[in-house]
Amino acid sequence: MIHPIEFQLFAPYNKAVALIGSFSAWEDIPMQQGEDGYFRAQVELEDGTYHYKFRVQSKSWFVEPDQWLEVVDPYATDIDNSTQNGVVQIKNGQKIVDTYIWKHDNKPLPSDRELVIYELHVADFSGGEPDRYVRGKYKHVVEKLDFLADLGINAIELMPLKEYPGDYSWGYNPRYFFAAESSYGSTDELKNLIDECHARGIRVIMDGIYNHSESSSPLTQIDHDYWYHHSPRDPDNNWGPEFNYDFYDENLDVKPAWTFIGDVVRYWIEEYHVDGIRYDAARQIANYDFMHWIVAETKKTAGVRPFYNIAEHIPETTSITNVDGPMDGCWHDSFRGVISGHIYSDMFDIEQLKDVIDCKRQGFMGASNVVNYLTNHDHNHVLAELGNRNIFNEEAFKRAKLGAAILMTAVGVPLIWMGEEFGECKHNTQEQAKIEWDLLGNDLNRDLFEYYKGLIHLRKNNQALYAENINFFHQDPNSHVLAYTRWNEEGSRVAVVANFSGNFWAGYTISHFPANGTWHEWTGDYDVESGADNMMIDLAEYEAKVFVWQG
């Protein structure tokens, strides 16, 4: 059966647009412009799959005036990379993305403050072992979900998924904002990955690139300066044409960049059921009005489902998350800088440590306002940094454990960069760098994995660790020892004693211990008594003891 299918393109100040496609033998189908700025054309089509593009008289400054260009639909949900054509599927007279049926939408998911996030890059995470040059796909991540569930994480943060040019990329150069990266698999396979995450109680946060696009993205070809700034505002931090969130078209009462990115965000929430967004380069976006609006749109679209909006604003600022701030949380890069500085060297700055372990000292209001990490995709793995300083083997893994203990017990939401949990030691690179899963066969690596697993279990099951309460009850600048306690009003309490020195302290007395009685040392699985407000323990070099109150 044949149905009328409408194609449209918003190009309010372009003189002419034509539709071309496999359904017209690539001959022009004239499109008519309405008062709303949209060019439209209807085509009688049977159910099936069709390739198409628009021919546009461009208004972009880098081509001849009114030059005709072939442009992909900015709203295309599928791209044929060999031809750079948009692809549309018609079923029962309607445009569809695929026929996937969701199975686990009713599964309860953790709140923002309960999250333990795992950042991963699909291409490098898994798949094709032992050939390190085989690209990972959505289906390979699914194969590792039981591993991640065993580790205990309850959120994955996927590096950008929007279609980018070329064979390999981190994805921070999106060309087509409505199309999922096809080299990772089909849209069905991406939805299955998200669905299988939800089946395991794992939320899915996507990395959103809304500061800029890749230079050949369709909107740049149609009318560059209608959607983008004419030139980079900060040439030293420019990754492509920058969306202009300040521009308002009075004639049509529209903010073009707001409208486009709003449509993008709503589409990914509705079509792919994502549970949060990390906003790349939020400092460069530099428009809190837009951020307030887009965050409100995400909440409205997600409905009753939890949705976490995280800004990558480097350096972090409290203004982006506090009372008048637009975001739920932000990457806490000073945490990385301070904690890594202490585990990579013999430095000991008590005030710096206290500031990043308790983000409220920096002016943040709550635990979900910051996402803490030891490293991420922009930095070397911890063991790689330690290796740069000639710290290897047992000594390196001991320091990695110290960092993990602080990460999992500090105020804030913890994030792990893929492989960190078992001692991956990759240096930061935008070349292919597949995770070396064989490392889990080594005793030190497996021991670090079990250490992370135990701390994540504690983090998720002791509500003191996702409250805001913290007190630094012991600080010893001579011995490089700092101790703090976390608690909630229901009586859960955790105490952490951290030795940031290369010395073994035998019979070390911790003063002002928060309660007298029995405490369970979580990482070593034994009980110890405190009395007279003190506790005496042996404290190894670069070691953290994690005590859970038993009463």
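As an exercise: evaluate ASN251 against (1) outside any helix (DSSP H, G or I); (2) in contact with a Phe, Trp or Tyr (Cβ under 6 Å, 6 or more places away or on another chain); (3) not acidic (Asp, Glu) and give the number of the one condition it does not meet.
(2)
Within region 156-165, does at least one residue satisfy the condition of being under 30 Å from VAL71 (Cβ atoms) and of a type in the set (Asp, Glu)?
yes
From the list TRP268, TRP239, TRP293, TRP258, which residue is over 29 Å from GLY201 (Cβ atoms), touching a residue at least 60 places away in the same chain (Cβ under 8 Å), of a type in the set (Phe, Trp, Tyr) and surrounded by 16 or more Cβ atoms within 10 Å (Cβ to Cβ)?
TRP239
Condition (residue is in contact (Cβ under 8 Å) with a residue 40 or more places away in the chain, outside any strand (DSSP E or B) and within 30 Å of HIS230 (Cα to Cα)) applied to region 89-111: is it met by at least one residue?
no
Please state which of the following conditions VAL382 fails to meet, knowing it meets all the rest: (1) touching a Lys or Arg at 6+ places or on another chain (Cβ under 9 Å); (2) under 21 Å from ASN237 (Cβ atoms).
Of the numbered conditions (1) touching a Lys or Arg at 6+ places or on another chain (Cβ under 9 Å); (2) under 21 Å from ASN237 (Cβ atoms), the odd one out for VAL382 is (2).
Go through (1) of a type in the set (Gly, Ala, Ser); (2) part of a loop (DSSP other than H, G, I, E, B); (3) touching a residue at least 24 places away in the same chain (Cβ under 8 Å) for ALA18 and report which single condition fails.
(2)
Is one or more of the residues making up region 400-407 without any contact (Cβ under 8 Å) to a residue 24 or more places away in the chain, in contact with a Lys or Arg (Cβ under 9 Å, 6 or more places away or on another chain) and of a type in the set (A, V, I, L, M)?
There is no residue in region 400-407 that is without any contact (Cβ under 8 Å) to a residue 24 or more places away in the chain, in contact with a Lys or Arg (Cβ under 9 Å, 6 or more places away or on another chain) and of a type in the set (A, V, I, L, M).
Only one of TYR210, TYR176, TYR133 is touching a helix residue (DSSP H, G or I) at 6+ places or on another chain (Cβ under 6 Å) and either at pLDDT below 95 or within 27 Å of ASN309 (Cβ to Cβ) (or both); which?
After applying the criteria, what remains is TYR210.
The values are calculated or read from the model by the stated rules, or taken from the named source; none is laboratory data. Nothing here was measured: the structure is a model prediction, and the numbers come from that model. Reconstructed Cβ throughout: ideal geometry from the backbone, glycine too, with neighbour counts over all protein chains shown.
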